[in-house]
Amino acid sequence: MRSRSGTLGLALFFAVAVVPVVLSLLYALLYSLGIAGLLGGGPTLAPWIAVLSRGETWASFGLSLWVAAAACSHRRHLNHRRRRRRRQAPTAT
């Protein structure tokens with residue numbers, strides 16, 4: 001059972017941290033679709049189509065994917081080396 005202060009802390013965390021981020025992301029999405037904001041002229045996918053049809057966008061996605069794969073591979077290699085080193089370490093008897 002949660003204590004009263006734990007529940008209050010969780011509610012404050014959501015009110016101060018989670019809700020503003022979610023609302024900001026929602027507003028950004030609505031603005032990019034032309035539904036909200038000062039320049040909103042009605043719903044349209046034209047900006048999204050313009051960005052996704054450029055080669056630079058897909059090149060940046062590819063670079064991000066490559067960097068993520070390299071980082072994961074490097075971390076996996078380090079974990080493998082650490083486990084192997086632990087198995088080979090002499091034990092004090």
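Taken together, the values in this text are just the output of simple stated rules run on the coordinates, not laboratory data. From a predicted model like this one, the values you see are computed outputs, not experimental measurements.
Things worth noting here:
- Whole-Hz ³J(HN,Hα) from phi, Karplus 6.51 cos²θ - 1.76 cosθ + 1.60, for region 30-45, glycine and proline x: 5, 5, 5, 8, x, 8, 10, x, 5, 8, x, x, x, x, 7, 9
- Against the main long axis of the alpha-carbon atoms of the chain, helix 4-13 sits at an angle near 60°.
- Cα gyration tensor shape of the chain, rounded if a/c is under 1.5, else prolate or oblate by comparing a/b with b/c: oblate
- 3J(HN,Hα) from dihedral phi, region 19-24, Karplus parametrisation 6.51/-1.76/1.60, rounded to Hz, x for glycine, proline: 4, x, 5, 5, 5, 5
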